[in-house]
Amino acid sequence: MPDIEIPFDHRQTAHCESGVMSSLLRHQGLQISEPMTFGVSAALTFAYIPFVKFGGMPLFAYRMPPKAVIKGLSKRLGIKMHYETYGRPDEGMAALDRHLEAGRVVGLQTSVYWLSYFPPDMRFHFNAHNLVVYGKRGGNYLISDPVIDVRVECDAESLKKARFVRGALAPKGLLYYPESVPAQPDYAGAIRKAIRYNTGMMLHTPLPIIGVWGIRTVARKIRGLKAAKAKHNRLFLGHLVRMQEEIGTGGAGFRFLYASFLQEAAAILGQPVLTDIAAQLTAAGDEWRRFALSAAKMCKDRMAMDTDQLADQLLECAKLEEAVYRRLRAEIKPS
Amino acid sequence: MKNEEVPQQAAKAFLGHSKALYAQDATGHYGIVPSAGWEAEEIVLDQAIAEYDLAAAEALERARRGQGSALEVHMWRRRMDVLLLAQSSGFFQWQVRRHLRPGALEALPLSKQQRYAEALGLSLDALVRLPQEA
């Protein structure tokens, strides 16, 4: 197969899935920012799932499960997506080559651990990392990875492994691209629906582990950590901070990313009050960052462990966020 | 977060790369600002890696005394635990636990060893060999 390089505009973004979607759409001529992608897909959340374990620790999520951005965005903007999965790895790699030969850039779902270009200390078993392939040179694929600041390359063997790992969220070689993109999507309508949906989930999900209620539950759990289990407590808090801040959050568990979306939405909807609400959400995000810093320092004994302080900080986050979502619902009425 | 508050504490894990954070400029408008790293993130990342390294070192020590196995050392070195190794090899967790006992892996038919080799990204030779260091 000859070398192929399809012209593609690589931009680093905060989150892999919204980054891939915004750059694939831009490639097709639809100018859309990462925050708009994230906001319209209503991907913001808080979830504490004690029965799903990662390295023996419960799952904390600050955004909706993988593929929610792709699905939510395409549904609300009327984009038709094309998806392919494969039973056999070799078939999946051959199909990728055929798409590149046809001049098509595609998004892939992969496992971070097996991507050879990732810095070794950043490689963990997370199977829903998204990236864009825009060419092939020698045996290597040319990749625009939205969370990496530069263009990268990955050897075929590693990419194959990354696309076909087994286990939770197994990608099964998932390959996708937008098939048809509306020239003038109805942004205003999509934004309203997305905000109604997102705020409803954060405020009114009748489960104590989702949304604002979920944040309060975690605060209570932190307050209840037993001082005698010092090692477990450190691991628990460290894990929580990693889920909140590690690669691809844009800071403060996506709160800053969503605030940026609200600023854009203010202009599109002609409702300057959303800028004001964005500032409130920024304050909540800043509190999340202070919480993360205190928790990390306590893990490392640079600060005395004080679970009451951490719990109070989380309750403050919950209070600030609740005010944001209530105000948003008051401003954005169902159409 | 303001642009000037974006932490720039060069994280060794980034190998000179940066990550994108959303922050506000002087007018309050949001945009992407590259961050070289943040103390809080570095602490918790180091902590997570140290846990796997420690588990691998302990497993290696046990294996040398004949009370552990190469499979367990490989598992921790690949930043997996029993649950993850079970999911990625297709065995049940109770089977994986049994295969972690001394001598159990070598007694498996090659086809089953192959499943572990693939899940861990190792050759069959490397799979049964005890690494020199954790």
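The values are calculated or read from the model by the stated rules, or taken from the named source; none is laboratory data. In this text, all values refer to a predicted model and were calculated from it rather than measured experimentally. All Cβ positions, even for glycine, are placed from backbone atoms using ideal geometry, and neighbour counts span all protein chains on display.
Each residue in the range A:242-273 was checked for being surrounded by fewer than 24 Cβ atoms within 10 Å (Cβ to Cβ), modelled with pLDDT of 95 or more and of a type outside the set (S, T, N, Q), and 8 of them qualify. Taken together, A:Asp149, A:Asp121 contain a single residue that is in a helix (DSSP H, G or I), under 20 Å from B:Phe14 (Cα atoms) and within 14 Å of chain B (Cβ to nearest Cβ), which is A:Asp121.
Of all residues in the range A:190-204, none are under 19 Å from B:Glu41 (Cβ atoms), assigned to a helix (DSSP H, G or I) and not hydroxyl-bearing (Ser, Thr, Tyr).
Go through the range B:15-44 and give me each residue that's over 30 Å from A:Gln280 (Cβ atoms) and within 8 Å of chain A (Cβ to nearest Cβ). Reasoning before the result, please.
Of all residues in the range B:15-44, those over 30 Å from A:Gln280 (Cβ atoms) come to B:15-17.
Of everything in the range B:15-44, those that are over 30 Å from A:Gln280 (Cβ atoms) and within 8 Å of chain A (Cβ to nearest Cβ) turn out to be B:Leu15, B:His17.
For A:Leu142, state whether it is among the hydrophobic types (A, V, I, L, M, F, W, C), farther than 30 Å from B:Val33 by Cα, more than 14 Å from chain B (Cβ to nearest Cβ) and crowded, with 22+ Cβ neighbours inside 10 Å. Taking the combined requirement at face value, the residue does not satisfy it.
Might you let me know whether the range B:92-107 holds any residue that is farther than 21 Å from A:His125 by Cα, touching a Leu at 6+ places or on another chain (Cβ under 9 Å) and buried (at least 19 other Cβ atoms within 10 Å of the Cβ)? Yes, some residue in the range B:92-107 is farther than 21 Å from A:His125 by Cα, touching a Leu at 6+ places or on another chain (Cβ under 9 Å) and buried (at least 19 other Cβ atoms within 10 Å of the Cβ). Only one of the numbered conditions (1) away from chain B (no Cβ under 14 Å); (2) more than 24 Å from A:Leu203 (Cβ to Cβ) is not met by A:Ile49, and that is (2). Taking the criterion of being of a type outside the set (S, T, N, Q), touching a residue at least 60 places away in the same chain (Cβ under 8 Å) and on the phi < 0 side of the Ramachandran plot, the residues of the range A:136-154 that qualify are A:Lys136, A:Arg137, A:Leu142, A:Asp145, A:Pro146, A:Val147, A:Ile148, A:Asp149, A:Val150, A:Arg151. Scanning the range A:224-241 finds no residues that are more than 30 Å from A:Ser111 (Cβ to Cβ), part of a helix (DSSP H, G or I), more than 23 Å from the chain's Cα centre (by Cα) and away from chain B (no Cβ under 14 Å).
Select from the range A:155-198 the residues that are charged (D, E, K, R) and either touching a residue at least 40 places away in the same chain (Cβ under 8 Å) or buried (at least 21 other Cβ atoms within 10 Å of the Cβ) (or both) and list them in ascending order.
In the first step, residues of the range A:155-198 are kept if they are charged (D, E, K, R); the result is A:155, A:157, A:160-161, A:163, A:166, A:172, A:179, A:186, A:192-193, A:196.
A:Lys160, A:Lys161, A:Arg163, A:Lys172, A:Glu179, A:Asp186, A:Arg192, A:Lys193, A:Arg196 - these are the residues of the range A:155-198 that are charged (D, E, K, R) and either touching a residue at least 40 places away in the same chain (Cβ under 8 Å) or buried (at least 21 other Cβ atoms within 10 Å of the Cβ) (or both).
Please determine whether any residue of the range B:32-55 is of a type outside the set (A, V, I, L, M), touching a helix residue (DSSP H, G or I) at 6+ places or on another chain (Cβ under 8 Å) and not in a helix (DSSP H, G or I). Among the residues of the range B:32-55, at least one is of a type outside the set (A, V, I, L, M), touching a helix residue (DSSP H, G or I) at 6+ places or on another chain (Cβ under 8 Å) and not in a helix (DSSP H, G or I), which makes the answer yes.
Residues in the range A:273-327 that are part of a helix (DSSP H, G or I), within 14 Å of another protein chain (Cβ to nearest Cβ), among the acidic types (Asp, Glu) and over 21 Å from the mean Cα position of the chain (by Cα): A:Asp276 only.
So for the range B:61-69 (the condition being surrounded by 16 or more Cβ atoms within 10 Å (Cβ to Cβ) and either outside any helix (DSSP H, G or I) or within 11 Å of chain A (Cβ to nearest Cβ) (or both)), does at least one residue qualify? Looking for residues that are surrounded by 16 or more Cβ atoms within 10 Å (Cβ to Cβ) and either outside any helix (DSSP H, G or I) or within 11 Å of chain A (Cβ to nearest Cβ) (or both), one finds at least one in the range B:61-69, hence yes.
Kindly indicate which of B:Arg79, B:Arg101, B:Arg65 is in contact (Cβ under 8 Å) with a residue 12 or more places away in the chain, at negative phi, not hydrophobic (A, V, I, L, M, F, W, C) and not assigned by TED's automatic domain parsing to the domain that holds B:Lys19.
B:Arg101
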